1. Applying 1/(1 + (r/R0)^6) with R0 = 25 Å to the Cβ-Cβ distance of Asp294 and Glu105, what FRET efficiency is obtained, to the nearest 0.05?
2. For Ala222 and Asp60, what is the calculated FRET efficiency with R₀ set at 35 Å and r taken between the beta-carbons, to the nearest 0.05?
3. Could you check the simple spin-label distance between Asp248 and His8, using points 7 Å along Cα→Cβ, in nm with one decimal?
4. Over all distinct Cα pairs, what is the inverse of the mean 1/r for region 65-144, reported as the Kirkwood hydrodynamic radius in Å?
5. Students often check this: by mean Cβ neighbours within 10 Å, which of 149-159, 266-276, 232-242, 251-261 ranks highest, and how do the rest follow?
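Every read-out reported here was derived from the displayed coordinates using simple, explicitly stated rules and does not represent laboratory data. Worth saying up front: this structure is predicted, and the values here are computed from it rather than measured. A quick note on method: Cβ atoms are made from the backbone with ideal geometry, for glycine too, and the neighbour counts reach across all protein chains shown.
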Amino acid sequence: MADELEYHVTFPTKFSTCTRAQRRSAGAEAAAATGDVESIERSSPDKEPVIFLLGWCGADDKDLAKYSAIYQSEGFVTIRYVLPGEYLFEGKLGGVNFIAVKVLEAFFDLGLEENPIFFHLFSNGGGYIYRAISELLNGRDPGVFAALKICGVIWDSAPCRPTFWSELQAYCLFSSDRQSQPWYMSYLKIAPSWLWLMFKHTVFPNFWEATSLMNSYIPAIANDKMPCPQLFIYSKADCITWYKDIQDIITKRRKQGCDITEAFWEDTDHLEHLAKHHDEYVDACLDLVLRGIDCFESDV
């Protein structure tokens, strides 16, 4: 396991005091209509929001860059990281706790520990890391990480209930050679390794640990202690993430008094929401950031 996290960070060349996101808020719009420049300035945060994008297994950085562009155009800092596939597909899920610590350390390494922080999560590759982050920050002893201000979380095609079949579909969908061969060849190619994986789940202790983490994943998200606003982006047509699982989580979180919004479609597949519903996707994400900034400003 590498000691350092390999991530990509982009700092804005200049942080605008009135970006598109701020202009969309009611207060800023009213101020702009009256020419009240001071009100516009006050509606902007003193520190750039930081968006940490945690990608799906099999993603390339260029894939995540399409999403980070949403925030970079607003003058926000973006950080991109993709969890290696072996964590999900080779029973190494216990190592995600180490990754979570490294993610939080990155804010200090980059001098961003006082900025408003947002996580944009994709599929379970991002969801597993976030779960570990949330449990660390909301645990008994978060240590220096307690100073971090998590202001919002965006879930794209997640959380997905981890079953053998959902993991198999994800593996086939995001395998490196998926474009060069028929879908059924992917299944035939990995069938022996998955049979071996099932056997190892019953033999080796580290796989018992991975199984326990997977089984408790959905309940952990439904009872997440992070108090910030959260947005769930999902679809009825998703072949991997069952939409009713997400709806159940949303219902439970709202009953707990959490600030939860959703962007739901009938027709988009797993992780295809931005491509098919670009404007609505961008608006939903920026609305979440605005609400998070409001919470950050009220706590300062």
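1. The calculated FRET efficiency here is 0.35.
2. Values: r = 31 Å, r/R0 = 0.89.
That pair, Ala222 with Asp60, gives E of 0.65.
3. 3.6
4. 13.8
5. 149-159, 232-242, 266-276, 251-261
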